């Protein structure tokens, strides 16, 4: 996983986000670090779907007076196309299209019909593809139901974003990835956890999909926004 300042692809100077042998990343207090930092998290191998986060941070004085946990963030990354999936996983490889072309950066939720219990989340990538893995919470105690019907809901922005300049998509491959604002330090953070959709993701489509337990579906028709 790589973490950089969001402005790096545009050629703007920013301090490095250090990666430690423990796989933790650290940003030191230094010139150029303000009370909010915009970061992007990505994996060139496509094992995880990238994210862009605007993260409020404490000043050095505030940090000295606060618990160390207020300086820690644990953002969730969701499985990408090359994620190493177990052969016995229950899930769906799907694709979202809009206007006849793959729709970038969709969000997906899986819920049980009737109860609405959430049993899976996914993020779509730049090719419109997503990998939705179903939680064991989808299976109730008692008689085993197979196949298992689950409502799959795709979330999309109200309108497709347009680049500020014609050159932007070639300069920055993540130019249209939503920049999500995390909660204040120390507060519950559904955004970083991937539990809250971006504010403009107001368009949805829901389809009931029959999942075979222990299998990964891959021939589901496209979800059309």
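Here, each number is a calculation from the coordinates, and none is a lab measurement. Everything quoted here is computed from the prediction, not taken from an experiment. Using ideal geometry, Cβ is built from the backbone for each residue, glycine included, and neighbour counts are taken over all protein chains shown.
For the chain, the fraction of C-alpha pairs more than 31 angstrom apart is 28%.
For the chain, what does -39500 (n - 2.57) per DSSP helix run (n ≥ 4), summed and divided by total residues, give at 222 nm, in deg cm²/dmol to the nearest 500? Helix contribution divided over all residues of the chain: -1000 deg cm²/dmol.
For the chain, the share of DSSP beta bridges that are antiparallel, to the nearest 5, is 85%. Working ranking of peptides 119-129, 154-164 by packing, defined as the average number of other Cβ atoms within 10 Å per residue, highest first, is 119-129, 154-164. The distance from the alpha carbon centre of the range 1-47 to that of the range 136-167 is 29 Å, rounded to a whole number. Under 1.5 on a/c is rounded, so check that first for the range 165-225, then, if it is not, pick prolate when a/b is larger than b/c and oblate when it is not; a ≥ b ≥ c are the square roots of the alpha carbon gyration tensor eigenvalues. Oblate, since a/c reaches 1.5 and b/c is not below a/b. With Cα atoms as the point set, the radius of gyration and Dmax of the range 2-71 evaluate to 13.1, 40 Å.
Just how far, in whole angstrom, is the range 55-103 from the range 198-225 if you go by their alpha carbon centroids? Taking the Cα centre of the range 55-103 as reference, the centre of the range 198-225 is 19 Å away.
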